[in-house]
Amino acid sequence: MESSLDRFNLAGRTALVTGSSAGIGLALARGLAGAGAGLILNARNDNKLQQAARALRDGGATVHALAFDVTDASAVSAAIDRIEREIGAIDILVNNAGLQRRAPLEEFPHAQWHELMKTNVDSVFFVGQAVARHMIERRRGKIINICSVQSELGRPHIAPYTATKGAVKMLTKGMAIDWGPHGIQVNGLGPGYFKTELTQALVNNPDFSAWLTGRTPSRRWGDVDDLVGAAVFLASDASNFVNGHILYVDGGVTATL
């Protein structure tokens, strides 16, 4: 009899993870490899990308690394076509590339607004569309867009960021609606507050950490490995009838006032 755990097995599948040279993207890539998937890492900094690829290979993963700018539609289209032609089919896409900028909204620089929109929203559309065109031909595929608790909740001085993550949530639903009939499942993964190099200043701030742990029912920061199980689920056959859903991995932050 087939084990129910077999439905989580990603052996024989290839996952492209954008923004995967560090932080959450690297952790998700490592987790998908642990479930059997081959990896294609992406970032703009080729040196960091190659370091991440070597580390994963040393752990036994099958890894390709390709640096390209996910905010450049032409570069994305060329890179995805190259991957499909030279490496093979992309079975799983994790749209992880993103950034954060903080400032009072009335003082928020226009250039940073456009930077956030390009990196956090345009990239999801460009890469998602380019990959989906190939998935549609095969009538199968998994797309995971990295949302955030800020897809639902606001905080002072990050209104533009919350706008981008709200947009990613609704783009995820739209992708699921348009591409679901072609056998593709598109879902969102919504991290809460996680310890990464990008949040280290907040982790080190005793006032903020005390507020956060008091606000979080699980009473702690998230560790990036806490995201792996949810990502494997959304990438696997175990989620074949899950579409247009945002799975929050946040220690309960979105459940409470």
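Okay, here's what the table says:
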| item | result |
| --- | --- |
| Given (i) 48, 45, 39; (ii) 69, 42, 34; (iii) 53, 45, 32, the label whose value is Cα extents along the principal axes in Å derived from this model | (i) |
| In degrees, nearest ten, helix 73-82 long axis to first principal axis of the chain (Cα) | 40 degrees |
| Degrees separating the helix 46-58 axis from the principal Cα axis of the chain, which is the longest one | 60 degrees |
| A78-H182 FRET efficiency (beta carbon distance; Förster radius 22 Å; 0.05 resolution) | 0.45 |
| Lys pairs, the chain - Cα-Cα below 26 angstrom, 8 or more residues apart or on other chains | 14 |
| Approximate spin-label separation A159-Q129, in nm, with each point projected 7 Å along Cα-to-Cβ | 2.9 nm |
| 0 to 90° range, to nearest 10: angle between helix 206-215 axis and the chain longest Cα axis | 70 degrees |
| Under 5 Å, built H, 5+ apart or other chain: amide partners of L39 | A15, T62, V63, H64 |
| Distant-in-sequence amide H partners of L247 (H built 1.01 Å from N, under 5 Å) | G188, L189, G190 |
| Point-charge dipole on Cβ atoms (K/R +1, D/E -1) for the chain, about Cα centre, debye to 20 | 140 debye |
| FRET efficiency, 1/(1 + (r/R0)^6) with R0 41 Å, evaluated for I136 and R102 via beta carbons | 0.60 |
| Estimated FRET transfer efficiency when R0 is 25 angstrom, pair D46-Q200 (beta carbons, to 0.05) | 0.55 |
| Accessible-area composition of the chain, carbon plus sulfur, in percent [1.4 Å probe] | 52 percent |
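The values are calculated or read from the model by the stated rules, or taken from the named source; none is laboratory data. None of these values were measured; they are calculated from a predicted model. Every residue, glycine as well, gets a Cβ built from its backbone with ideal geometry; the counts of neighbours run over all protein chains shown. With ligands, DNA and RNA removed, areas are computed over all heavy atoms of the protein, side chains included. Shrake-Rupley method; radii C 1.70, N 1.55, O 1.52, S 1.80 Å.
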